[in-house]
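Written out below as structure tokens is the structure these notes cover.
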Amino acid sequence: MVPEKELKIGVALTQPEDWTAAAFVKNIERSGAQAVPLNLAQLSASLSSASCSVSDARSQPVDIDALIIRDVGISFALEQISFKFDLIRQLEAVVPVMNTSAAIQNAANKFYSFVLFQRAQLPIPRTQVTAELNVALNAIGAWGSAIVKPIFGSQGKGIVMLSEEEPNVSSNLEGLFKERGVLYIQEFVPNPGRDIRVFVVGEEALGAIYRVSLQGSVVSNLSQGGRPVPCALTGEIRSLAVRATKAVGADFAGVDLIEGEDGLLLLEVNGTPSGRGINQACGIDVTERIVASLFAQLL
């Protein structure tokens, strides 16, 4: 079915030169639609008894037929990040949005995403979330080594490895508690020095890469020096990735797995994943499939 007018597809982004953002714009335009880049931080809302409208930095109404969220942008102010998600929710009321605000929030919250994974009976490392020093020390003592992550974090930033053998483990934890208030502590899973990033669109795993860590690092994110290497998609990898994506309610996702001694474990789901690594390693453009999936809803 051919649309009566040129479709306008918004792309929520913060860096137009970002590989994934640029690929979304390119594939939208290749599909015959107009790409409309939108920075959520520059949008405003006007409300009255009769209407609610969203406008851009030029005070022009946001006129789009659908929206793809490349990224929400880093916000440290609670009011700003809340308003960004409220804007997405308002747009969801009038046009299709991929991924939805709920899916992105579910995936971004490491604690709540693990609750959803547990409910879906997915294999996850043992995890403790606490504001109590003794609880944290007992967890690390039981596991030997643990990874402490921000509950809300990205790109591998703020990740710390602690061991019960460290003489200053208690003071390190106290410093982290002072900084964060609540700690997300996860059992360290011995692994080959890499994790697996699987890209899912809809109910299909499109491909996977190993993200190989720098020597001596526990962080494998490509933004922190990790190296993308092709990974064969097994039935187990496909199933875990698709089930994890469904668990957080995402239309597309980057799913991170770790190769533990007893099999694969699920680490997290990214609701705004970069497609650059898998394109470099495997030649797969995941944004093309995401755009095609969106157009299937519109046409």
Quiz item: Quick one: ILE185 ticks every box in (1) free of Cβ contacts under 8 Å to residues at least 40 places away in the same chain; (2) not in a helix (DSSP H, G or I) bar one, so which box is it?
Solution: (1)
Quiz item: Looking at ARG238, ARG227, which is the one that is surrounded by fewer than 23 Cβ atoms within 10 Å (Cβ to Cβ) and farther than 27 Å from VAL148 by Cβ?
Solution: ARG238
Self-check item: Residue selected from region 1-53 under the condition of a type in the set (S, T, N, Q) and surrounded by 13 or more Cβ atoms within 10 Å (Cβ to Cβ), by the criterion nearest to ASP71 (Cα to Cα)
Solution: THR14
Exercise. Could you grab me the full set of residues in region 98-137 that are free of Cβ contacts under 8 Å to residues at least 12 places away in the same chain and either over 23 Å from GLU164 (Cα atoms) or touching an Asp or Glu at 6+ places or on another chain (Cβ under 9 Å) (or both)?
Key: TYR112, VAL115, GLN118, GLN121
Exercise. Give the residue that is farthest from GLY271 (Cα to Cα), with candidates limited to residues of region 116-136 that are aliphatic (A, V, I, L, M) and buried (at least 16 other Cβ atoms within 10 Å of the Cβ).
Key: ALA136
Practice problem: Kindly indicate whether VAL182 is buried (at least 19 other Cβ atoms within 10 Å of the Cβ) and among the β-branched types (Val, Ile, Thr). | Solution: no
Quiz item: Looking at ILE68, is it within 30 Å of ILE28 (Cα to Cα), part of a strand (DSSP E or B) and in contact (Cβ under 8 Å) with a residue 40 or more places away in the chain?
Solution: yes
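A short reminder: the numbers here are calculations on the coordinates, not readings from a lab. Keep in mind it's a predicted model, so treat the numbers as computed, not measured. Don't worry about glycine lacking a Cβ; one is built from the backbone with ideal geometry, like all the others, and counts go over all protein chains shown.
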